Amino acid sequence: MPVVETLSVEEARRRRAEVLACVGGDESDLRDRAARYMLNAEELAALTELNELDYLLSE
């Protein structure tokens, strides 16, 4: 069952920074490798979370 979590804008930005730090901190490299289907499971999950946070932050 999915978990619904309510985040403030500040919390969402902080979480986004944490996710990026977990995968090396280079978002453009992560997205480039994703475009070439070169992500492992952890990196793919991080990219999915980044996309979700971007949507919530309207970025």
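General remarks:
- Loop-resident trypsin sites (Lys or Arg not before Pro) (DSSP state other than H, G, I, E or B) in the chain with no more than 11 further Cβ atoms inside 10 Å of their Cβ: Arg36.
- In order along the stretch 7-15, the phi-based Karplus estimate (6.51 cos²θ - 1.76 cosθ + 1.60, θ = phi - 60°) of 3J(HN,Hα) comes to 10, 6, 4, 4, 5, 5, 5, 5, 4 Hz; Gly and Pro are listed as x.
- Taken one residue at a time, the phi angles of the stretch 23-30 give Karplus couplings (6.51, -1.76, 1.60, θ = phi - 60°) of 10, x, x, 10, 5, 5, 5, 4 Hz. Gly and Pro are set to x.
Coordinate-derived values only; no laboratory data. As the structure is a computational prediction, the values presented were derived from the model and not from experiment. Note that we place each Cβ from the backbone using ideal geometry, even for glycine, and neighbour counts take in every protein chain shown.
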